[in-house]
1. Just give me the residues in region 108-143 being touching a strand residue (DSSP E or B) at 6+ places or on another chain (Cβ under 7 Å) and polar (S, T, N, Q), in sequence order.
2. Among the numbered conditions (1) surrounded by fewer than 17 Cβ atoms within 10 Å (Cβ to Cβ); (2) among the aliphatic types (A, V, I, L, M); (3) part of a strand (DSSP E or B), tell me where Ile217 comes up short.
3. Would you pick out the residues in region 231-258 that are of a type outside the set (Lys, Arg), modelled with pLDDT under 75 and over 22 Å from Gly208 (Cα atoms)?
4. Suppose we filter region 59-90 for residues that are over 20 Å from Thr108 (Cα atoms), in contact with a Ser or Thr (Cβ under 9 Å, 6 or more places away or on another chain) and not aliphatic (A, V, I, L, M); how many remain?
5. Please find, among Pro66, Pro116, Pro75, the residue that is over 25 Å from Gln197 (Cα atoms), surrounded by 16 or more Cβ atoms within 10 Å (Cβ to Cβ) and within 31 Å of the chain's Cα centre (by Cα).
6. For region 82-113, enumerate the residues that are of a type in the set (A, V, I, L, M, F, W, C) and exposed (fewer than 15 other Cβ atoms within 10 Å of the Cβ).
Amino acid sequence: MKQSSGSKSAVAIVSILLIANTQAFGFTISDLDPSSRYKLEKIEISGEHAFSRDAVVSLMTTKERPWYQVWKPLPNFDAQMFTDDLANIQRSYEAHGYYDAHINYDLTLDKNKVTPHIAFSEGKPIRVVTIDIKVANGFPPPQELSRSFKLPFKKGDIFDQDDYQKGAQELIDLYTSNSYAHAKVQRHAVVEVGPLQARIQYEVEPGGRCLFGDTKIAGTKKVDPKLVEEQLTYKSGEPFDSRKLVSRLVNKCSIVDAAGDPSGGLCPSEGFSLLIPVSKPAHDGALEPAHALEAAAANRLVGDQGEPALDQIEPRRAG
């Protein structure tokens with residue numbers, strides 16, 4: 001380099017420090033060395049709009065180290081657990097109406113530290129286009145029992161399986177609180193993924209109207225049965241109402257059928273059992289005992305509807 005006259009020559013010494021980049025991008029689970037142990041550095045998520053990041057992360061068993069616990073070692077990264085998490089997130093999106101959601105991921109490796117990048121393409125949600133409540137012939141529709149009755153969703157709403165199941169439970173609650181102790185509800189949903197439509201149907205079998213019978217209290221040793229009876233919120237001969245079975249006393253005890261077999265075990269904390277007969281008018285006007293309590297109201301007492309979740313949803317995909 002030429003310098004102007006009289007100027008001093010300058011020698012520039014440039015030191016270049018090369019730092020090796022230990023990060024590797026774009027890996028998948030299959031690229032990991034099964035003989036190595038990896039640590040989870042963090043989880044990066046993008047493209048989520050229908051649900052918050054916290055909601056997505058809450059579905060995962062794979063957990064980051066809390067930001068405020070920097071002194072703790074990084075948690076282990078379990079490849080199978082992470083794969084299961086992705087499948088669980090996919091199911092959750094479908095359960096909330098996003099049947100066309102796609103989830104992609106890649107991994108960044110920094111020595112033995114893994115950072116998953118999860119990217120969402122949510123697509124458009126399924127919306128409810130028809131709702132049909134069919135009640136067996138001769139029995140009142142829901143609005144005759146309660147003018148204010150509404151399902152937890154309406155036409156045009158995003159199809160949500162929680163609300164769909166809750167709708168069946170609310171129909172059971174409506175009928176069992178209006179003397180139909182043996183009411184049953186079957187639900188069915190057809191999800192058409194192409195046109196993004198869901199068609200909902202509930203079939204209600206109310207059964208006969210029922211009355212409370214005489215309650216029998218057995219097994220009391222330290223407590224006067226009359227004191228137990230005073231805790232009951234119903235009386236013999238009253239129309240059956242499942243809401244009157246939800247009390248401090250009955251919640252702690254199980255219904256016992258006519259044969260004396262407990263439907264869910266006796267109540268150990270109270271030390272006695274209850275036999276609550278339910279009667280319904282027979283064809284001749286007499287009262288017919290119905291001790292078995294197969295109604296949803298009895299199942300409700302033991303906290304089990306006996307119905308598997310998401311059991312009657314029929315997805316129909318294009319092609």
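The values are calculated or read from the model by the stated rules, or taken from the named source; none is laboratory data. What you see is a predicted model; the values in this text were computed from it and never measured. Using ideal geometry, Cβ is built from the backbone for each residue, glycine included, and neighbour counts are taken over all protein chains shown.
1. Correct list: Thr108, Asn112, Thr115, Ser121, Thr130.
2. (1)
3. Residues satisfying the conditions are Gln231, Ser247, Leu249, Val250, Asn251, Cys253, Ser254.
4. 1
5. Working: Pro66 fails: surrounded by 16 or more Cβ atoms within 10 Å (Cβ to Cβ); Pro75 fails: surrounded by 16 or more Cβ atoms within 10 Å (Cβ to Cβ).
Result: Pro116 is the single residue among Pro66, Pro116, Pro75 that is over 25 Å from Gln197 (Cα atoms), surrounded by 16 or more Cβ atoms within 10 Å (Cβ to Cβ) and within 31 Å of the chain's Cα centre (by Cα).
6. As a first pass, look at region 82-113 and keep what is of a type in the set (A, V, I, L, M, F, W, C): 82, 86-87, 89, 95, 101, 103, 107, 109.
Of everything in region 82-113, just one residue is of a type in the set (A, V, I, L, M, F, W, C) and exposed (fewer than 15 other Cβ atoms within 10 Å of the Cβ), namely Ala87.
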